[in-house]
1. Which of the aspartates and glutamates could a cross-linker bridge to B:LYS44, judged by Cα under 13 Å and excluding same-chain residues fewer than eight apart?
2. How do A:GLU189, A:GLU374, B:GLU200 rank when sorted from fewest to most other Cβ atoms within 10 Å of their own Cβ?
3. Rounded, prolate or oblate: which one fits the protein assembly as shown, using the alpha carbon gyration tensor with axes a ≥ b ≥ c (rounded when a/c is under 1.5, else prolate when a/b beats b/c, else oblate)?
4. If you take each beta carbon of peptide A:240-247 and count the beta carbons of other chains within 10 angstrom, what is the mean?
5. Once every DSSP H run of n ≥ 4 in chain B is given -39500 (n - 2.57) and the sum is divided by its residues, what mean residue ellipticity at 222 nm do you get, rounded to the nearest 500 deg cm²/dmol?
6. Under 16 Å from the Cα of A:LYS251, which lysines turn up, not counting those fewer than eight places away in the same chain?
7. In what sequence, highest mean first, do A:342-351, A:240-249 appear when ranked by Cβ atoms within 10 angstrom?
8. Which net charge results when you count Lys and Arg as +1 and Asp and Glu as -1 among the other residues whose beta-carbon is under 15 Å from that of B:GLU132?
Amino acid sequence: MTPRASADRAAGPGPGSGHGSGALSAFLRKEARHLLRDRRTLAILLLMPLVQVLLFGFVVRTEVGRIRLAVVEPAPDVATRALRHRLAAAGRFDVVAVLRSDRALPRLFASGRAQQAVVFPAGFADRLAGGEPAPVLIVTDATDPNTGSVMRAHATTVVRRYEQELRARRPATGDPPGRSPGGAAVLAETRMRFNPTLASAHLFVPGLVAFVLTIVSALMASVSLTREKETGTMEVLLVSPLRPWQIVVGKVLPYLALGFANVLTVLLAARVVFGVPVRGSVALLLAECLLFIATSLALGVLIATRTSSQRVALTASLMGLMMPTLMLSGFIFPLESLPAPLRALSAVVPARWFLLVVRGIMLKGVGIGHLWDETLVLAGMTALLLGVSARRLDVRLPGGR
Amino acid sequence: MTPPAVEARALTRRFGAFTAVDAITFDVAPGEVFGFLGANGAGKTTAMRMLTGLLAPTSGGARVAGFDVARAADQVKRSIGYMSQRFSLYEDLTVRENVGLYGRVYGLRGREIADRLARLLDRLGFAHLAGERVGRLPLGWKQKLALSVALLHEPRVVFLDEPTGGVDPVTRRQFWELIYEAAAGGTTVFVTTHYMDEAEYCDRVSIMVDGRIAALGTPAELTARFDVASMDELFVRLARPGPGAA
């Protein structure tokens, strides 16, 4: 019927000769090549975590500049004036207000005109002279916990030094009998406003690990998958004997390796540059990091199955993942300070659970025994996400015409 | 008599209320060059997706290389090659790496891949370009390479979805020589195109209009039956909606 019907040739490789493992490893090699040849992107991905650590480390924990100080002296006397002058002379404080009562303090703090206040009781000098404990209250704005603790330390130091001076002078003037020499003179009492427990101070490394892994893993996985859709190679892959799970695994594994390299970078830099220790098991920490990379990659794959352009995938990853990772994980804002609805929402943010794990291991030194809940939540999320995306890929490409 | 390479039986695909492919039935013989024509939106791509296992039929069915596309998708996949209208190779990989990847994906061994790569480069006159990144090749060369890669595992049927889009006439000519070569070797070629001169190169063509096959036969038969001078005229008459349509 056709001019060239020489139909008797058998098909080349008979059906059934398709090798899953050879195909997968070839696919992995291809992915590794994509990754290694795009030098600029690779450099960014490898160096970004380092830059982040240094940025967070140096900028966030930077030295506090001049502190705006309010002084409350209900009844100014020799001692309050002496201490106030010492504060002013310490070179760190700008005395912005000297008040008779502490009633105006909340307004000063709220407006930010004062960052710190030193509150004297009435009769301060008399108490000191009488050898009674003389309490001084130091109130500090702890909106930024790091800055807050630094400011508190500065004010406390000045008060302590004054106290030491007093003690040093007292033996010369002679102690009244029955009083222990150098007994409690000035009681510096401190109070932190807005964030009393200083939660998340010095805790940037765990949050940073979560943040970097989310970007690298989810974003890169979703972009690299949608790139294949955009260029049309995805169609060819889906027509080929490769199974959807092989495509997903092939796409995801190189980024698992890259994410792991990032974990090591962040931990090493934090250790070497800032002396942040890992108190618990390093092996457990790395294992948990791998789990979290898998979760993030699964999220990236899910995003990729729902979009067809790299730009949409990029935006979705940035807005949909990075913001919650920053805001709802406890990285920047302590979970305890979130309004209840947001706190409830944070339960679906993987970084929230991962952060508990990393903080537990790095800062508290706890073992897996205390981390089962979080670990299982992450594992469950990963399985669920992978299951959903594999199904979506399997249902084939969205039907165009 | 060998069974048809492609057989569609009342193959149908609906998207909601819209019927993209409406009960089409046809056979393609082994070694045949079958042109699958139709205006944009006529349902060609949807039909092709069902035949290549990318989309499940709503009703009816099809067998490709003797395997049911719905029930034996894996065997179908191993028996076919595919080249999409969009460029289907990886531009940041070299010619050799692209060939190696697809060879492995289709289960070829290292030795076979090396042999076929050598033959392929020789036939295309690419021998000096094995280590070149595909992105650096001119478009026409890329398309010829993509076709050769789709044929690498010697599939029973190769599906070409508008393979010559944007290619200059000389390269198109060479491209069709590759197609004939494959067909002479026994591979069935299932090709969609918008170029009517290419339609004339096919053994038989079908023309889809609104999800149905409006005409099917050799180019000579069709021009005679519809009393037109060329495939081009026939296509315009059939594909244009309104009273002119058959």
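Just so it is clear, none of the values below were taken in a lab; they were calculated from the coordinates. Keep in mind it's a predicted model, so treat the numbers as computed, not measured. Positions of Cβ are backbone-derived with ideal geometry, glycine not excepted, and every protein chain shown enters the neighbour counts.
1. Candidates past the 8-residue exclusion: B:ASP22, B:ASP161, B:GLU162, B:ASP210.
2. Numbers: A:GLU189 13, A:GLU374 20, B:GLU200 16.
Least crowded to most crowded, the residues run A:GLU189, B:GLU200, A:GLU374.
3. On the way: a/c = 3.81, a/b = 3.18, b/c = 1.20.
Prolate is the answer for the protein assembly as shown, as a/c is 1.5 or above and a/b outweighs b/c.
4. Details: counts 10, 12, 4, 2, 0, 0, 1, 0.
Mean number of neighbouring Cβ atoms from other chains: 4.
5. Numbers: 9 runs with 91 residues, N = 246.
Result for chain B: -11000 deg cm²/dmol, rounded to the nearest 500.
6. Within the straight-line limit of under 16 Å, A:LYS251 reaches these lysines: A:LYS30, A:LYS229.
7. Working: A:342-351: 17.4, A:240-249: 19.9.
Highest to lowest by the protection proxy: A:240-249, A:342-351.
8. Working: positive: A:ARG33, A:ARG37, B:ARG96, B:ARG133, B:ARG136, B:LYS142, B:LYS144; negative: B:GLU91, B:ASP92, B:GLU97.
With Lys, Arg at +1 and Asp, Glu at -1, the neighbours total +4.
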